[in-house]
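Before any comments, here is the structure.
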Amino acid sequence: MLETVILIVFAMIGLSLLLNIWRLLVGPSVPDRILALDTMYINSIALIILYGMSMGTALYYEAALLIAMLGFVSTVAVCKYLLRGDIIE
Amino acid sequence: MRLETRFKWLPAPILSILLFFVWLLLNNSVSAGHIVLAVILAIVIPLATSPFRTKQPLIIKPGLAIRHLFLVLYDIITANVQVAILILGPTKKLTPGFIKVPLDLTHSMPITILASTVSLTPGTVSAEVLPWSESFIEGEGSEQRFLLIHVLDLKDEQALIDTIKQRYEAPLKEIFQC
Amino acid sequence: MTEWIISILLLIGGSFVLVGSIGLVKMPDFFMRLHGPTKATTLGMAALLTAAMIFFSTTQSGFSVKEILISLFLLLTAPISAYMMIKSAIHHKLDSIDRTQGKDNIEDEL
């Protein structure tokens, strides 16, 4: 049963990634695109954790942690750039 | 509000506890060697970094802090269900709005915690603290500050302000005693 | 039994993540779009990671709680990135839809 449920959740998260890509392409403003990218990195963490579960290995945990940290830092850096025109003043 | 700890060798107790548990979680073990290493890291890192960190107010009532944490966690779960219903429902009926909440807190650390809890709980995202000045970081300056909040579905402005002030701000005021 | 708990948590998490993305696409202006990803997606991730925690604790040898670290990190950082994004949106003077109340409360002092 678990295999089927994992496949269904894979489909759900894939669908939400597609919706995010739509928002990323349509825009209309730069903060909208940043928001879409921010949601996309969180969804890819979910995808990696699910892949690890379906393969039955905990090896992908470190990759998920790294994506979480890099995604947060990059979101804040891009927002800072939009606010000030510079990241470190 | 108290900035200095009772013990000189423990400048930031919360940071030490956090470092201890993060080290154990990262290694995913509770063996004796890792516990010793975690204790050493939890004492050495705050000591080494305290000269270049600004002093933050300490938690004076830890029991109340833990109870407040669980209240906020419960609120996050109920709030998320509410927001999910609002998102899936008809968009045309939603009445968004910006409101200003007057703040009683003065230091930047409790205000940051309040803004984060407001962002994670029912249909609200905190946007800005007004008016902004440089003295704000040290917790000085006496003028009245406001927290600008965007609400997804604004029904009763005064009731929402009262909820935020009583449910989230009053416990923080008591925890930090400021 | 544990399989049921894992399945239910996975489905809850997946549907919350999906609801967050639906909110991102459906809402009419930026400030309303921000609500979906910051709240629904964060809780969905917390549910998914709890499911992963139970899964790895039961299938592999030994107890596994390190997945808590990711959900803790996401819970801490979601409000901060939301704050940065709404600040940059206010700075860029993005339009909010006409029925937004209290627009005059926004003061951009930067």
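The values are calculated or read from the model by the stated rules, or taken from the named source; none is laboratory data. No experiment lies behind these values; they were computed from the predicted model shown. In this analysis, Cβ positions are derived from the backbone assuming ideal geometry, glycine residues included, and neighbour counts consider all displayed protein chains. Protein only, heavy atoms only, side chains kept; ligands, DNA and RNA dropped before computing areas. Shrake-Rupley method; radii C 1.70, N 1.55, O 1.52, S 1.80 Å.
Filter the stretch A:19-29 down to the residues that are more than 7 Å from chain C (Cβ to nearest Cβ) and hydrophobic (A, V, I, L, M, F, W, C), then identify the one that is surrounded by the fewest Cβ atoms within 10 Å (Cβ to Cβ). Across the stretch A:19-29, the extreme among qualifying residues is A:Leu25. Scanning the stretch B:144-178 for residues that are part of a loop (DSSP other than H, G, I, E, B), under 20 Å from B:His68 (Cβ atoms) and open to solvent by less than 70 Å² (accessible area, probe 1.4 Å) yields a total of 1. With respect to (1) surrounded by fewer than 21 Cβ atoms within 10 Å (Cβ to Cβ); (2) in contact with a helix residue (DSSP H, G or I) (Cβ under 8 Å, 6 or more places away or on another chain); (3) among the small types (Gly, Ala, Ser), the lone exception for A:Ser16 is condition (1).
Taken over the stretch A:30-64, the criterion of being of a type in the set (S, T, N, Q) and either within 9 Å of chain C (Cβ to nearest Cβ) or in contact with a strand residue (DSSP E or B) (Cβ under 8 Å, 6 or more places away or on another chain) (or both) is satisfied by A:Thr39, A:Asn43, A:Thr57. Which one is farthest from C:Thr42 (Cα to Cα) among residues in the stretch A:10-33 that are of a type in the set (Val, Ile, Thr) and at pLDDT 90 or above? Across the stretch A:10-33, the extreme among qualifying residues is A:Ile21.
Within the stretch B:87-107, work out how many residues are within 13 Å of chain C (Cβ to nearest Cβ) and open to solvent by less than 50 Å² (accessible area, probe 1.4 Å). Number satisfying all stated conditions: 11. Beta carbons closer than 7 Å, at least 6 apart along the sequence or on distinct chains, pair a first residue in the stretch A:65-89 that is at the interface with chain C (Cβ under 10 Å from one of its Cβ atoms) and farther than 16 Å from A:Leu37 by Cβ with a second that is modelled with pLDDT under 90 and surrounded by 13 or more Cβ atoms within 10 Å (Cβ to Cβ) for A:Leu65/C:Leu69; A:Leu65/C:Ile70; A:Leu83/C:Lys87; A:Leu83/C:Ser88; A:Leu83/C:His91. When you scan the stretch A:49-66, do you find a residue that is part of a helix (DSSP H, G or I), more than 30 Å from A:Thr4 (Cβ to Cβ) and open to solvent by less than 20 Å² (accessible area, probe 1.4 Å), even just one? For the stretch A:49-66, residues part of a helix (DSSP H, G or I), more than 30 Å from A:Thr4 (Cβ to Cβ) and open to solvent by less than 20 Å² (accessible area, probe 1.4 Å): absent. Applying the criterion of at least 3 residues that are surrounded by fewer than 20 Cβ atoms within 10 Å (Cβ to Cβ), more than 7 Å from chain A (Cβ to nearest Cβ) and among the polar types (S, T, N, Q) to the helices (runs of 4 or more DSSP H) found wholly in the stretch C:20-100 leaves C:42-59. Being part of a loop (DSSP other than H, G, I, E, B) and in contact with a helix residue (DSSP H, G or I) (Cβ under 8 Å, 6 or more places away or on another chain) is a property that does not hold for B:Leu114. Is at least one residue of the stretch C:67-80 modelled with pLDDT under 85 and touching a Leu at 6+ places or on another chain (Cβ under 6 Å)? Within the stretch C:67-80, one or more residues are modelled with pLDDT under 85 and touching a Leu at 6+ places or on another chain (Cβ under 6 Å). With respect to C:Phe16, determine if the residue is under 30 Å from C:Ser88 (Cα atoms), aromatic (Phe, Trp, Tyr), open to solvent by 10 Å² or more (accessible area, probe 1.4 Å) and within 7 Å of another protein chain (Cβ to nearest Cβ). In short, yes.
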